[in-house]
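Engineer: Encoded as structure tokens, here's the structure I'll be asking about.
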Amino acid sequence: MKEVKIEICIRSLQYEELNETDRKLIDMAKEATHRSYVPYSHFSVGAAALLENGKIITGTNQENAAYPSGICAERTTLFYANSEYPDQAVDTLAIAARSQSGYLDRPIPPCGACRQVLLETEQRYGKPMRILLYSKNEIYLVNGTKDLLPLSFGGEFLD
Ligand code: THU
């Protein structure tokens, strides 16, 4: 028997430690939470994607009475960015979430389905995507999906 250990690296930063662009992305993700459609969960998620050409696309979670028909903020944002600007890699994705009692105390981790879509977007453009996960107390900076979805399944297995 052999153990396989996979190391991941996540940096914890304070808002003040972020550069101006990352602060703006966090601000825009927070602001986007106010445009979510969440009549069922009352859990508002916002995301802001910085594209290689400098454009910033925001998106939110959109729910549906038939629950699985809704979609997370991360996928709304990436699918919209990829639809409008199919030739632009996503440089950074910032995510923020708010429950009825306010912004979260712990950085919001994207769900499994969204991680898979983040991976596909990275692989599509051949460039790691930086990911910023906001909370009131700290912000996680992840340098790419390898640190968010280790042992991932991607298109390379289908060759
Ligand atoms: N949600 C997101 O938008 N992103 C995540 O990373 C986690 C969950 C949404 C889905 C649903 O509308 C609500 O949050 C509660 O799960």
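The values are calculated or read from the model by the stated rules, or taken from the named source; none is laboratory data. As the structure is a computational prediction, the values presented were derived from the model and not from experiment. We place every Cβ from the backbone using ideal geometry, glycine too, and count neighbours over all the protein chains shown. For accessibility, only protein heavy atoms count, side chains too; no ligands or nucleic acids. Shrake-Rupley method; radii C 1.70, N 1.55, O 1.52, S 1.80 Å.
Engineer: Where only protein heavy atoms count, and the probe is 1.4 Å, what is the accessible area per residue for the chain in Å²?
Structural biologist: Accessible surface, normalised per residue, equals 57 Å².
Engineer: Right, next: With charges set only on the Cβ (+1 for Lys and Arg, -1 for Asp and Glu), what does the dipole of the chain come to about its Cα centre, in debye to the nearest 20?
Structural biologist: Rounded to the nearest 20 debye, it is 300 debye.
Engineer: As an exercise, use a Förster radius of 30 Å and the Cβ-Cβ distance of Phe157 and Glu84 to find the FRET efficiency, rounded to the nearest 0.05.
Structural biologist: Calculated transfer efficiency: 0.55.
Engineer: Still on this structure, I have one more. Between beta-carbons, use under 15 Å as the cut-off and find the net charge around Arg35, counting Lys and Arg +1, Asp and Glu -1.
Structural biologist: -2
Engineer: Leaving out same-chain residues fewer than 8 places away, which aspartates and glutamates sit with a Cα under 16 Å from that of Lys136?
Structural biologist: Glu16, Glu17, Asp22, Asp27, Glu31, Asp105
Engineer: Leaving out same-chain residues fewer than 8 places away, which lysines sit with a Cα under 25 Å from that of Lys2?
Structural biologist: Lys146
Engineer: Could you state how much accessible area Leu119 has, in square angstrom rounded to the nearest 10, with a 1.4 Å probe and all protein chains kept in place?
Structural biologist: Looks like 10 Å² after rounding.
Engineer: Something else: Counting only DSSP beta bridges with both residues in the chain, tell me the antiparallel percent, nearest 5.
Structural biologist: Bridges in the chain that DSSP calls antiparallel: roughly 80 percent.
Engineer: Per-residue accessible area for Cys72 at 1.4 Å probe radius, Å² rounded to 10?
Structural biologist: The accessible area of Cys72 comes to roughly 40 Å².
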